[in-house]
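Here is the structure we will look at, set down as structure tokens.
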Amino acid sequence: MQIEVAVNKTSKYAVGESGDSAEVVERPKGGVTALMVDGQGSGRSAKIISNLVVSKAMSLVADGTRDGAVARATHDYLFALRDGKVSATLTMLSADLNSRTIVISRNSHCPVLVKQGDRVHVLADKVNPIGFHQFVKPVIHEISMEEETILLTFTDGILHAGRKYGRQLEMETLTKMLLEATAADVRQLAGQVFSLAVEREENRPGDDMTLLALGVNGNNNERTGRLHLTYPV
């Protein structure tokens with residue numbers, strides 16, 4: 001079984017550094033966890049926040065901490081460090097080869113789209129970002145690890161792409177793109193969605209954009225992971 005992770009990202013137009021961070025860490029008992037963080041604001045200050053959050057979360061995952069506990073501990077860390085004055089969104093996608101499940105952890109208003117079989121589920125339960133409120137917990141979904149599973153999520157730069165031009169990227173469009181894709185095409189799917197979002201912004205993103213896609217491809221006998229990173233200029 002092959003797990004593929006694709007990340008596409010770019011910064012806000014005319015801003016030199018993205019406030020989003022995305023990383024992938026290997027799980028101690030097999031599998032990977034992909035993390036995506038959107039720090040409050042944009043530019044260097046937001047990047048500092050997102051780097052702090054993603055580094056803390058990666059360390060906890062590598063130590064074997066369960067995903068729900070990772071999200072809570074990362075919130076506590078940011079809340080204590082910045083006295084509840086700074087927020088960040090955190091999304092974690094874990095393909096756990098030990099439990100043969102996929103765990104989706106959200107502290108973000110951006111949804112996670114999940115394709116299994118011929119259906120796409122949009123996970124968009126209301127949840128608070130980390131950092132602001134004293135008591136914050138993630139929304140957790142756990143699903144079986146099946147062949148041809150695809151997960152797609154993103155930060156709000158993509159969620160709101162095209163809104164100011166009256167042609168916002170719609171969930172129906174993303175759902176159709178997922179239905180037409182296969183898990184082996186995760187890299188291609190990520191590139192297509194990302195390019196469409198940038199185009200809707202007339203190639204001048206009004207916010208940092210990061211897209212994260214994960215696919216479980218059952219057509220390979222190796223229990224491996226592959227990561228594709230794309231950073232458009």
task = Would you mind telling me the share, in percent, of accessible area of the chain contributed by carbon and sulfur at probe 1.4 angstrom?
result = 45 percent
Residue pairs, from the table K137/K176; K29/K56; K12/K164; K47/K176; K47/K85; K115/K164, whose Cα atoms sit over 22 Å apart = K137/K176; K47/K176; K115/K164
ask   = Sorted by packing (mean other beta-carbon atoms within 10 Å per residue), highest first, where do 13-25, 61-73, 101-113 land?
value = 101-113, 13-25, 61-73
Label of the coordinate-derived value, Cα extents along the principal axes in Å, listed as (1) 57, 39, 35; (2) 88, 49, 31; (3) 46, 41, 29 = (3)
Projected label distance in nm at L179 and S195, using a 7 Å step from Cα toward the beta-carbon = 2.2 nm
task = Show me 158-167, 46-55, 116-125 ranked by packing, highest mean number of other Cβ atoms within 10 Å first.
result = 46-55, 158-167, 116-125
ask   = R0 = 45 Å: FRET efficiency of V15 with Q188, Cβ-based, nearest 0.05?
value = 0.95
For region 21-86: rounded, prolate or oblate by the Cα gyration tensor [a/c cutoff 1.5] = oblate
task = Sort region 53-174 into rounded, prolate or oblate with this rule: let a ≥ b ≥ c be the square roots of the eigenvalues of the Cα gyration tensor; rounded if a/c is under 1.5, and if a/c is not under 1.5, prolate when a/b is larger than b/c, oblate otherwise.
result = oblate
task = Would you be so kind as to identify all helices of the chain, as entire DSSP H runs, whose Cα atoms reach 15 Å or more along the helix's own axis and whose mean Kyte-Doolittle hydropathy is at least 0.5?
result = 43-62
note = Shape call for region 97-151, from the Cα gyration tensor axes a ≥ b ≥ c (a/c under 1.5 means rounded, otherwise prolate when a/b beats b/c, else oblate), comes out oblate
query = Taking K9 as the anchor, which aspartates and glutamates have their alpha carbon closer than 20 Å to its alpha carbon, excluding any fewer than eight residues away along the same chain?
reply = E17, D20, E23, D38, D156, E170, D185, E199, E201, E202, D207, D208
Surface accessible to a 1.4 Å probe, per residue, for the residues of the chain, Å² = 46 Å²
Estimated [θ] at 222 nm from DSSP helical runs (n ≥ 4, -39500 (n - 2.57)) normalised by residues in the chain, nearest 500 = -8500 deg cm²/dmol
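The values are calculated or read from the model by the stated rules, or taken from the named source; none is laboratory data. What you see is a predicted model, and the numbers here were worked out from it, not measured in a lab. Methodologically, a virtual Cβ is constructed for each residue, glycine included, from the backbone with ideal geometry; neighbour enumeration extends over all protein chains shown. These area figures cover heavy atoms from the full protein model, side chains too; ligands, DNA and RNA do not enter into them. Shrake-Rupley method; radii C 1.70, N 1.55, O 1.52, S 1.80 Å.
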